Protein chains: 2
Amino acid sequence: MGGDFSLNYQPEEIYDVIIIGAGPAGSTAALYTARAGLKTLVLYRAEADGALGVTQKIENYPGVPGPISGYELLKIMREQAKSFGAQFVRGKVIATDLTGEIKKVYTIDGREFRGKTVIIASGAMERANKFKGEEEFLGRGVSYCGVCDAAFFKDQPVAVIGEDDYGVEEAEFIARFASKVYFVVPGSRIKAPPEVVEEFKNLPNVEILLRHRVIEIVGDQVVKGLKVKDLNAKEEKILEVNGVFIFLGGTKPSVDFLMGQVEMTDDHCVVVNEEMMTSIPGVFAAGDVLCTNIKQAVIAAADGCKAALAVDKFINKKAKITSQW
Amino acid sequence: MGGDFSLNYQPEEIYDVIIIGAGPAGSTAALYTARAGLKTLVLYRAEADGALGVTQKIENYPGVPGPISGYELLKIMREQAKSFGAQFVRGKVIATDLTGEIKKVYTIDGREFRGKTVIIASGAMERANKFKGEEEFLGRGVSYCGVCDAAFFKDQPVAVIGEDDYGVEEAEFIARFASKVYFVVPGSRIKAPPEVVEEFKNLPNVEILLRHRVIEIVGDQVVKGLKVKDLNAKEEKILEVNGVFIFLGGTKPSVDFLMGQVEMTDDHCVVVNEEMMTSIPGVFAAGDVLCTNIKQAVIAAADGCKAALAVDKFINKKAKITSQW
């Protein structure tokens with residue numbers, strides 16, 4: 001759940017590799033680095049997050065007869081990585097310091113993680129466009145982090161704009177504080193496992209509004225409401241709320257936390273060499289952050305494998321990548 | 001078994017794509033092309049053939065918790081491809097005519113298959129070096145094809161040099177004709193599923209010689225014997241045989257059947273562009289024939305996926321590869 005961050009990590013520890021993202025690229029990288037004996041940490045934002053995590057049905061992943069959900073496939077990959085000793089810790093990465101010998105990765109709840117190498121596998125689900133009023137009221141009612149800000153809205157009504165597992169988990173955490181949570185979903189369904197949605201629906205102070213398009217965040221000094229259009233009734237209305245939490249996905253690479261430290265294209269696609277290394281030695285990238293034109297799980301997994309082998313080579317200063325794993 | 005070639009193909013048919021090889025690259029390519037509605041034929045040499053097929057244990061293929069045998073993993077991939085309509089036909093490819101609009105692929109038993117496109121996914125298990133006497137007696141007792149030549153050795157003793165499933169299947173076929181089959185294995189075990197080996201062992205006219213190194217094929221006009229060194233007893237001996245069949249694997253790309261039609265490096269590695277297309281339009285390649293330095297199943301599978309998407313684009317003259325499969 002929202003605030004239930006795993007604490008099974010050692011704050012003092014320096015990992016061999018910190019992998020940002022637990023999709024097919026990150027999970028496969030973790031499987032390979034952990035199996036190679038490298039101390040591996042995977043930071044992830046939510047259980048069923050990411051392009052594969054929200055995929056309802058997949059039947060073309062070679063080796064796994066479908067249809068199964070993308071989330072189920074991910075769970076298998078993650079369990080494999082864990083079985084070799086990879087640690088998975090939940091935490092949204094918001095900042096990084098990659099320039100030194102030891103790389104630092106910061107999560108939204110204020111933790112710092114340190115690693116000799118980093119694999120950026122955070123996918124491509126960032127939003128390209130912001131809502132009207134979103135920037136104006138940021139920090140004055142608009143938030144991107146339930147764990148950080150939910151307590152400010154104790155006994156007050158809020159809106160949570162979400163569409164998937166990630167949004168639901170955040171909303172559940174926020175609902176512990178807020179008097180009322182309007183869960184505003186632009187589409188016609190919540191992209192999350194049915195049991196997650198079912199549990200969420202049963203919360204007494206949550207109201208789910210499907211097919212509601214966000215028009216504007218309104219207020220004066222602070223947020224006073226969220227203007228939405230009900231696509232069913234074809235009418236606009238204002239939800240009277242003091243806070244608006246936004247947890248939506250798009251298709252842009254999720255690389256804000258890099259703060260321009262590694263070379264990227266104009267479209268924010270991370271640039272790597274043949275061994276998946278970015279412009280910073282020891283920092284690698286894999287999967288959809290590279291803007292590969294084929295967004296298939298097996299391609300991302302193969303990228304993750306390549307990045308992991310390159311990390312191993314980098315750390316062990318091996319002369320040559322071999323296939324002897 | 002050796003001569004039990006599947007006949008469920010239409011000789012007159014023109015396939016959208018002929019895939020040569022049923023390893024992770026070929027099987028994944030077939031899964032994608034068949035699922036995209038393309039008429040897909042996969043030609044393969046033996047059931048548990050190839051680098052993955054002979055792998056005893058694999059536990060780092062993402063999405064498939066191990067350890068399982070490489071052969072089991074392959075079976076899953078092939079079944080997936082079949083479930084979408086891909087046809088798998090057994091037949092060792094020995095020649096191709098790739099220059100025309102319609103590509104022709106020939107198997108060792110004399111069949112011709114025609115396709116609009118070809119994906120070369122035949123792996124890298126060719127032998128770099130030949131045995132002493134091998135070239136001298138080729139066609140005069142030395143053979144690479146049981147189906148073609150076994151009948152010439154009816155009621156005569158032969159040697160079969162093999163190490164895996166492929167060799168065993170050929171030897172079983174040959175044993176139907178020969179009076180005696182010496183199955184000469186350079187290593188200490190036969191790389192094939194245990195049940196296959198067990199069945200093979202029980203054939204009355206087969207004698208398995210493990211840890212026997214081949215020294216020389218001897219004869220005058222025709223083969224008279226095979227000189228081997230028994231590594232256990234540390235002694236050389238001559239097996240008196242009239243035929244020597246060779247079914248060994250190495251690490252060179254298996255591309256003899258291309259007869260130099262597509263661009264290759266000096267090491268016989270097939271050269272492809274970003275979309276896995278060779279120097280001939282409509283002819284693609286994937287997996288170990290590319291001499292990728294990372295010989296992992298997931299990398300080959302990803303290659304197969306890319307090649308399949310490129311085939312689809314080529315056939316449908318799509319403007320752009322999309323991920324909308």
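The values are calculated or read from the model by the stated rules, or taken from the named source; none is laboratory data. As the structure is a prediction and not an experimental result, all values here were calculated from the model. Note: ideal-geometry Cβ built from the backbone for every residue, glycine included; neighbour counts use all protein chains shown. The protein model used for the area step is the full one, side chains on, heavy atoms only, and it has no ligands, DNA or RNA in it. Shrake-Rupley method; radii C 1.70, N 1.55, O 1.52, S 1.80 Å.
Which of the residues that make up the stretch A:233-255 are farther than 27 Å from A:A51 by Cα and not basic (K, R)? It would help to see each step written out before you state the result.
Taking the stretch A:233-255 first, the residues farther than 27 Å from A:A51 by Cα are A:233-243.
Selection gives A:A233, A:E235, A:E236, A:I238, A:L239, A:E240, A:V241, A:N242, A:G243.
Scanning the stretch B:35-53 for residues that are touching a helix residue (DSSP H, G or I) at 6+ places or on another chain (Cβ under 7 Å) and either of a type outside the set (G, A, S) or at pLDDT 95 or above (or both) turns up B:L38, B:T40, B:V42, B:R45, B:E47, B:D49, B:L52. Is it the case that the stretch A:59-81 has a residue that's outside the structural domain of A:D164 (by TED's automatic domain parsing), aliphatic (A, V, I, L, M) and at pLDDT below 95? Checked against the condition, which is being outside the structural domain of A:D164 (by TED's automatic domain parsing), aliphatic (A, V, I, L, M) and at pLDDT below 95, the stretch A:59-81 yields at least one hit.
Just one of the numbered conditions (1) in contact (Cβ under 8 Å) with a residue 40 or more places away in the chain; (2) over 23 Å from the mean Cα position of the chain (by Cα) is not true of B:P186: (2). When the stretch B:182-192 is filtered for residues that are outside any loop (DSSP other than H, G, I, E, B) and out of contact with any helix residue (DSSP H, G or I) (no Cβ under 8 Å at 6 or more places or on another chain), the ones remaining, listed by number, are B:Y182, B:V184.
None of B:E12, B:E47, B:E79 is free of Cβ contacts under 8 Å to residues at least 24 places away in the same chain and under 28 Å from A:I58 (Cβ atoms) except B:E79.
I need a count of the residues in the stretch B:182-200 that are open to solvent by 40 Å² or more (accessible area, probe 1.4 Å) and modelled with pLDDT of 95 or more. Even if it seems obvious, please write down each step before you answer.
To start, the set of residues in the stretch B:182-200 that are open to solvent by 40 Å² or more (accessible area, probe 1.4 Å) comprises B:182, B:186, B:188-189, B:191, B:194-195, B:198-199.
With modelled with pLDDT of 95 or more added as a condition, the list becomes B:182.
So the answer is 1.
Residues in the stretch A:9-18 that are more than 15 Å from A:N316 (Cβ to Cβ) and surrounded by fewer than 24 Cβ atoms within 10 Å (Cβ to Cβ): A:Y9, A:Q10, A:P11, A:E12, A:E13, A:I14.
Taking the stretch B:201-220 as the range and being within 11 Å of B:V168 (Cα to Cα) and either among the aromatic types (F, W, Y) or open to solvent by 70 Å² or more (accessible area, probe 1.4 Å) (or both) as the test, only B:K201 passes.
Of all residues in the stretch B:133-142, those that are modelled with pLDDT of 90 or more and either in a strand (DSSP E or B) or among the acidic types (D, E) (or both) total 3.
Please give the strands (runs of 3 or more DSSP E) falling wholly within the stretch A:228-325 in which 1 or more residues are away from chain B (no Cβ under 14 Å) and either under 30 Å from A:V158 (Cα atoms) or open to solvent by 70 Å² or more (accessible area, probe 1.4 Å) (or both). Steps first, please.
Numbers: elements: A:235-239, A:243-247, A:283-285.
Where strands (runs of 3 or more DSSP E) fall fully within the stretch A:228-325 and carry at least 1 residues being away from chain B (no Cβ under 14 Å) and either under 30 Å from A:V158 (Cα atoms) or open to solvent by 70 Å² or more (accessible area, probe 1.4 Å) (or both), they are A:235-239, A:243-247.
When the stretch A:145-181 is filtered for residues that are of a type in the set (G, A, S) and either in a helix (DSSP H, G or I) or buried (at least 24 other Cβ atoms within 10 Å of the Cβ) (or both), the ones remaining, listed by number, are A:G146, A:A150, A:A151, A:A159, A:G162, A:G167, A:A171, A:A178.
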